[in-house]
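Visitor: My questions will all concern the structure given below.
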């Protein structure tokens, strides 16, 4: 006799736990409606100073961060620190362009660093030592070791990889910044360190789950040799086992990504599905990223490719960028047709009423990124953002940091922005955190564990503030105030 229960025990247990969590969610929602923390929250919201509110929100249990590009997810100061530290970067030296000599030749070293793609000639483009050595003496003189930058040059390098000046926006972000430092995000020594640094920083903000958009392709050894995807998997798997990663208390999963406007995007999608299917313990979904205002990447271009993948694979989550454009169009609807259950950004859904109504009270989530949408000038004034329409019309939504390293921001800034601009109720805050875990692509057993832990964290957090003076409590919190918060919210350290 075949022991079916034994074979499928993890899935059955996970399903039962999720069912119990769903029942618990209903009871919790009812309890919240009847009373509990709302009066305390309304007092905090109306009477706190910006600094007190920021401290409160910093310590708030936040669930998960579902929409964050790995390469743009860590504060740039940490990236520079690791890239300069030979004890952490594999003993390497990186070089960055500090002047332009008009050498009469291509000084970008793109053959080794960019696999043949074009690279703009810009200050503070960073490259590997092997690439620098392949350049002419004139080109070499444009560069300086990262470790040798003086204080002024260091500040300029950091500014060059952030949107921290008036006039910088989408073109600077999409077309320049990534070329400046892309080589650092393909390194097998730097990336694992960035991963654990992120886990610690987000863990300090009350997150329990991170779902990074991270393709296993494009990684290179210090000598420029390509690293197979299987080796990338092993590198990250081993790093996540180490004590400091485990101690962060944060669960990490990845989604494979295709760049939608490239000529080989269909092949990237097929490759992404195949890799996720054979590495489901860490990679849990597929995404498409890249500028949607580049018409070569419109969603319906990929309809047959995704249908082909559905014939071949099941149980692979699809979270796809959709509607991150200024113009009204049907990109969100078309992205749902591709099979996505989560929509990244979804900004112009507000101009597609049929799809807006369709998504109400259904199993689709919008991954909202308020700071990103502001600094990239999709909504320079967040008062105009459609976020509250989605939230209060019954479309599940959660808050995310996108490329917070370039914004100089953190997850607390997303919550602070939402509270200050949209007067969030407490039950709305708690539901967003819960939904960020409910719609995660992690397996059912781990999801149930994460949701249960989140509910306990929220209950404990509420009890602490119900049983004590919130002014006194917030005075003892030392939040990591982001540079974005210092500039935008005028919160002082």
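Visitor: Would you mind ranking 308, 296 so that the residue whose beta carbon has the fewest other beta carbons within 10 Å leads the list? Provide the component values of the computation, followed by the final result.
Guide: Working: 308 15, 296 12.
Final ranking by Cβ density, sparse to dense: 296, 308.
Visitor: Here are a few candidate values for Rg and Dmax of the Cα atoms in Å: [x] 22.9, 77; [y] 31.4, 105; [z] 24.2, 89. Which one was actually calculated from the structure I just gave you?
Guide: This structure yields the entry labelled [x].
Visitor: Also, quick follow-up: Along the Cα-to-C-beta direction of residue 456, a point sits 7 Å from the Cα; which residues of the stretch 246-267 have their amide N less than 15 Å from that point?
Guide: Only 249-251 pass the distance filter.
Visitor: Take the Cβ-Cβ distance between residue 389 and residue 38 as r, set R0 to 30 Å, and report the resulting FRET efficiency rounded to the nearest 0.05.
Guide: About 0.85, to the nearest 0.05.
Visitor: How far is helix 265-278 tilted off the main Cα axis of the chain, in degrees rounded to 10, range 0 to 90?
Guide: Its long axis makes an angle of about 60 degrees.
Visitor: For helix 151-160, what angle does its Cα long axis make with the longest principal axis of the chain, in degrees from 0 to 90 and rounded to 10?
Guide: The helix 151-160 is inclined about 60 degrees to the chain.
Visitor: Out of the DSSP beta bridges found with both residues in the chain, what percent are antiparallel (nearest 5)?
Guide: Bridges in the chain are about 20 percent antiparallel.
Visitor: Once label points are set 7 Å from the Cα along Cα→Cβ at both residue 136 and residue 87, what is their separation, rounded to one decimal in nm?
Guide: Label-label distance for residue 136 and residue 87, simple model: 4.1 nm.
Visitor: Continuing with the same structure: So if each residue of separation counts as 0.36 nm, and I subtract the Cα-Cα distance between residue 154 and residue 281, what length gain in nm does that give?
Guide: Working it through step by step, the gained length comes to 41.8 nm.
Visitor: Please find the FRET efficiency linking residue 234 to residue 341, where r is the Cβ-Cβ separation and R0 is fixed at 30 Å, and quote it to the nearest 0.05. Before the final figure, lay out the partial values.
Guide: Values: r = 29 Å, r/R0 = 0.98.
The formula returns an efficiency of 0.55 here.
Visitor: With each run of n ≥ 4 DSSP H residues scored as -39500 (n - 2.57), what mean residue ellipticity at 222 nm is computed for the chain after dividing by its residue count and rounding to the nearest 500 deg cm²/dmol?
Guide: Taking each H run of at least 4 residues, the total per residue is -14000 deg cm²/dmol.
Visitor: Something else now. In degrees, nearest 10, range 0 to 90: what is the angle between the Cα axis of helix 38-47 and the longest Cα principal axis of the chain?
Guide: Here the helix axis deviates by roughly 50 degrees.
Visitor: Could you give the length gained by full extension between residue 472 and residue 102, i.e. 0.36 nm per residue of separation minus their alpha carbon distance, to one decimal place?
Guide: Result for the pair: 127.2 nm of gain on full extension.
Visitor: Here is a follow-up. What FRET efficiency, computed as 1/(1 + (r/R0)^6) with R0 = 22 Å and r the Cβ-Cβ distance, is obtained for residue 77 and residue 247, rounded to the nearest 0.05?
Guide: Efficiency computed from Cβ-Cβ geometry: 0.50.
Visitor: Which whole-angstrom value gives the distance between the alpha carbon centres of the stretch 33-74 and the stretch 280-332?
Guide: Going from one Cα centre to the other spans 31 Å.
FYI, it's all coordinate maths here, none of it is from the lab. Values in this document were obtained by computation on a predicted structure and should not be read as measured data. Virtual Cβ from ideal backbone geometry, glycine too; neighbours counted across all protein chains shown.
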